[in-house]
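This report refers to the structure that appears directly beneath it.
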Amino acid sequence: MQRNLEQLLNTILHSSELLEEKMKVESKLSALTSRQLYCIELIKYMRNPSLTELAERMDIAKASISVMIERLEKNKFIYKVKSDHDRRTAHIHLTEEGEKAASLHAGLHKRISELLTGDMTESEKEILIVLLNKSVKSLVNNNKPTID
């Protein structure tokens, strides 16, 4: 049975969420929300951003990112280091547990990619990449960018 685009996207998103939940339980990261995992992933990608940089990248209020960072710090996923140049600014660093969470989340993305393209030829994968890049460009033009 051929599905339409909306049905396909729904299946991909739902399956990805289920895989993420399963991964979180298996890796003892079930206390983290998807938003917190995304935040940890961004901290790794951005290489120790300030609170302001992280809030801008996640497109959330500085007060909201502060609450999230406090929770992640309390649970020992991150720690803050005062800037050498401006003592009012702190940079966010991942702890060993935070690095593990970021790696597990990146591994999940890799696993989803493998499952999604497992039955494709290299040529089909290249076509999918071209089409997805066009789709992402359209999304980014209508939203703030996420991880590049």
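Consider residue 133 carefully, then state whether it is more than 25 Å from residue 31 (Cα to Cα) and either touching a residue at least 24 places away in the same chain (Cβ under 8 Å) or among the polar types (S, T, N, Q) (or both). Taking the combined requirement at face value, the residue satisfies it. For the range 113-126, the criterion of being surrounded by 13 or more Cβ atoms within 10 Å (Cβ to Cβ), out of contact with any Lys or Arg (no Cβ under 9 Å at 6 or more places or on another chain), not polar (S, T, N, Q) and not in a helix (DSSP H, G or I) is met by no residue. Taken as a whole, the structure places residue 28 among residues that are outside any helix (DSSP H, G or I) and of a type outside the set (Val, Ile, Thr). Looking only at the range 26-61, filter to residues that are farther than 14 Å from residue 105 by Cβ and basic (Lys, Arg); which one of those is surrounded by the fewest Cβ atoms within 10 Å (Cβ to Cβ)? Selected residue: 47. Of the residues making up the range 43-60, one or more are touching a Gly at 6+ places or on another chain (Cβ under 9 Å) and of a type outside the set (Asp, Glu). Residue-level check: of (1) at pLDDT below 90; (2) more than 25 Å from residue 140 (Cα to Cα), residue 20 misses just (2). Say whether the condition of being more than 27 Å from residue 86 (Cα to Cα) and of a type outside the set (Ser, Thr, Tyr) is met by at least one residue in the range 47-55. No: zero hits. Being surrounded by 12 or more Cβ atoms within 10 Å (Cβ to Cβ) and under 13 Å from residue 36 (Cβ atoms) is a property that residue 70 has. Of all residues in the range 57-95, exactly one satisfies the criterion of being of a type outside the set (A, V, I, L, M, F, W, C), assigned to a helix (DSSP H, G or I) and in contact with a strand residue (DSSP E or B) (Cβ under 9 Å, 6 or more places away or on another chain), namely 73.
The values are calculated or read from the model by the stated rules, or taken from the named source; none is laboratory data. Just so we're clear, the structure is a prediction, and the values are computed from it rather than from any experiment. All Cβ positions, even for glycine, are placed from backbone atoms using ideal geometry, and neighbour counts span all protein chains on display.
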